[in-house]
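Please read the structure below before turning to the comments.
The values are calculated or read from the model by the stated rules, or taken from the named source; none is laboratory data. Keep in mind that what you see is a predicted model, and the values were worked out from it rather than measured. When we count neighbours, we look across all protein chains shown, and the Cβ atoms used for this are built from the backbone with ideal geometry, even at glycine.
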Amino acid sequence: MNIIDHGNWVAYVPNPWPEGIPRNVMFCRRVSDGADWYKYQKQLTNNSVFCVVFDNVIQPVYRDPSMLFPQDGLVIEILDSDTIEVIAAYAFKVYDPETNTLV
C-alpha cells in the first residue's frame with residue numbers, strides 16, 4: 001500500500017476576502033506552505049482514497065477529495081486501492097506517520 005502525506009491543515013481567514021464568496025465560508029490552508037485547500041484539492045484525482053487523520057486515527061474517508069474539510073487534521077492519500085467500500089476498509093484505522101503505514 002502506497003500512502004502520500006499531503007500535510008497538516010488549519011483554518012484561516014483569507015485577507016483580502018475573495019470577491020463573490022459568502023462571508024460564512026470556511027477556509028483551510030496547509031501548515032507547511034500556506035496552500036489553500038479549495039485550490040489544492042482541485043489538482044487531486046478521484047482515483048485514490050483520501051483521508052483526514054486526527055490524532056493518528058483516520059476519520060473521514062472519500063474517493064472525492066472535495067468531500068473533505070481537513071481543519072486541524074493531516075490529509076493522506078492511499079494509492080492503488082481497488083476497494084469499493086472505502087469507509088468500511090479505512091475508517092478508524094490508525095495511521096503511523098513514522099512508518100507511513102496503517103495499523
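Collect the residues in the range 69-79 that are crowded, with 21+ Cβ neighbours inside 10 Å and in a loop (DSSP other than H, G, I, E, B), keeping them in residue-number order.
Listed by number, the list holds a single entry, PRO70.
Which of the residues spanning the range 40-58 are at pLDDT below 95 and either surrounded by fewer than 17 Cβ atoms within 10 Å (Cβ to Cβ) or aliphatic (A, V, I, L, M) (or both)?
LYS42, GLN43, LEU44, THR45, ASN46, ASN47 - these are the residues of the range 40-58 that are at pLDDT below 95 and either surrounded by fewer than 17 Cβ atoms within 10 Å (Cβ to Cβ) or aliphatic (A, V, I, L, M) (or both).
Sort out which residues of the range 65-89 are under 18 Å from ILE3 (Cα atoms), within 14 Å of the chain's Cα centre (by Cα) and without any contact (Cβ under 8 Å) to a residue 40 or more places away in the chain, and write them in order of number.
PRO65, LEU68 - these are the residues of the range 65-89 that are under 18 Å from ILE3 (Cα atoms), within 14 Å of the chain's Cα centre (by Cα) and without any contact (Cβ under 8 Å) to a residue 40 or more places away in the chain.
Could you run through the range 60-98 and say how many residues are modelled with pLDDT of 95 or more and among the polar types (S, T, N, Q)?
1
Taking the range 1-57 as the region of interest, how many residues are over 20 Å from VAL103 (Cα atoms) and in a loop (DSSP other than H, G, I, E, B)?
The number of residues fulfilling the criteria is 25.
Determine which single condition VAL31 fails, assuming it passes every other condition in (1) at pLDDT below 95; (2) exposed (fewer than 14 other Cβ atoms within 10 Å of the Cβ).
Of everything listed in (1) at pLDDT below 95; (2) exposed (fewer than 14 other Cβ atoms within 10 Å of the Cβ), VAL31 misses just condition (1).
Which of the following residues is farther than 16 Å from ASN2 by Cβ and in contact with an Asp or Glu (Cβ under 9 Å, 6 or more places away or on another chain): PHE50, PHE54, PHE92?
Exactly one of PHE50, PHE54, PHE92 is farther than 16 Å from ASN2 by Cβ and in contact with an Asp or Glu (Cβ under 9 Å, 6 or more places away or on another chain), namely PHE54.
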